[in-house]
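Notes for the one structure printed next.
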Ligand SMILES: NC(=O)c1ccc[n+]([C@@H]2O[C@H](COP(=O)([O-])OP(=O)(O)OC[C@H]3O[C@@H](n4cnc5c(N)ncnc54)[C@H](OP(=O)(O)O)[C@@H]3O)[C@@H](O)[C@H]2O)c1
């Protein structure tokens, strides 16, 4: 009997948090899966891979590894995409845009973008564009030509009237936080940009049977490291109080929800926003074609991808 083809799952981040739990789900539910984590810190990445290896049953032929990716650098995104393109001539099967941060003081990247916006949105958009050819090859090589999948880890905070704090309020004038900077406002703006571009990308791919793109909000998980740049009071509040409220969930449950979004019949869906485990609706603004045009064009221009993107 022929050996089943290896399926390559690329996850940005994933050495800890929700992405780690997603990788764990893949490694304990699939066979012939190769999980590649894109990580910025070698020691943290080594630790994550070592912990994940403990969940692998050798009979599954599964494997996990990490490769360098710093989303605060467009150069690093190009290098990561080149590395994957050389390493996986049979393509990749799934790309999960998981990495994220919430930096509470205004910091600019080497590319002169605001840190939250570049890491959470711009770089992962660029990565997706660079990996589309590899995702198409992955689909061709999959028995039955099953579509490859791109999954954005979104947040309900992209919607107005949810959670605490200001926003989202997406304007070109304040896209870098130079008019008004507040960590939560900027974080919410990054998640809205992501949701807008998910829909715009899904629209460009709607006649392309080889790649589907979706987004999932995995729920509120106050115990992850996402708050690491917040003040001590916020961290204590998240760990000791908010983690006990009924709206909060565990990192294990959140990782399983993301796994469900990239599994089974959900892989055939395109342009869907999942909230936790259910098909839901992203904000009105994210579904507005005029807004999609504005933010798609801005994103393409900012990532130097202007000529290859189609709105
Ligand atoms: N926690 C929640 O309540 C919640 C709710 C909805 C959505 N989300 C989303 O879920 C995703 C995962 O968040 P989490 O809660 O699991 O947080 P987390 O535990 O802090 O994990 C974030 C991951 O992103 C990586 N990362 C950060 N900056 C990076 C960079 N410049 N380059 C490469 N990787 C980078 C981190 O790597 P390091 O270890 O090197 O820092 C880590 O692996 C995020 O997109 C977040 O917005 C979270």
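Please treat every number below as a calculation from the coordinates, not as lab data. Predicted model, so just to flag it, every value in this text is computed and none were measured. Because the Cβ atoms are built from the backbone with ideal geometry, glycine has one as well, and the counts that use them run over all protein chains shown.
Cβ crowding within 10 Å ranks 108, 102, 184, 198 as 108, 184, 102, 198, fewest other Cβ atoms first.
From the square roots a ≥ b ≥ c of the eigenvalues of the alpha-carbon gyration tensor of the stretch 9-108, which class results: rounded (a/c under 1.5), prolate (a/b over b/c), or oblate? Oblate is the answer for the stretch 9-108, as a/c is 1.5 or above yet b/c matches or exceeds a/b. Radius of gyration over Kirkwood radius for the chain, both on Cα atoms: the Rg/Rh ratio is 0.94.
Ordered by packing density, taken as the mean number of other Cβ atoms within 10 Å over each peptide's residues, highest first, how do 11-18, 70-77 rank? Could you put the intermediate results ahead of the total?
Numbers: 11-18: 26.1, 70-77: 20.2.
Highest-to-lowest ranking by the protection proxy: 11-18, 70-77.
Here the extension length gained between residue 6 and residue 278 equals 95.0 nm, from 0.36 nm per residue of separation less the Cα-Cα distance. The gain in end-to-end length when the residue 223 to residue 78 segment is fully stretched comes to 49.0 nm, 0.36 nm per residue minus the alpha carbon separation. FRET efficiency for the residue 244 to residue 140 pair, using the beta carbon distance and R₀ = 51 Å, is estimated at 0.60. Extension gain, residue 61-residue 171: 0.36 nm per intervening residue step, less the Cα-Cα distance, totals 34.8 nm. Determine the shape class of the stretch 143-278: with a ≥ b ≥ c the square roots of the Cα gyration tensor eigenvalues, call it rounded for a/c under 1.5, and otherwise prolate if a/b is greater than b/c, oblate otherwise. Oblate, since a/c reaches 1.5 and b/c is not below a/b.
In this simple spin-label model, placing a label point 7 Å from the Cα along the Cα-to-Cβ direction at both residue 32 and residue 263 gives a separation of 1.9 nm.
First check a/c for the stretch 113-168, with a ≥ b ≥ c the square roots of the eigenvalues of its C-alpha gyration tensor; if it is under 1.5, answer rounded, and if not, answer prolate when a/b is larger than b/c or oblate otherwise. Oblate is the answer for the stretch 113-168, as a/c is 1.5 or above yet b/c matches or exceeds a/b.
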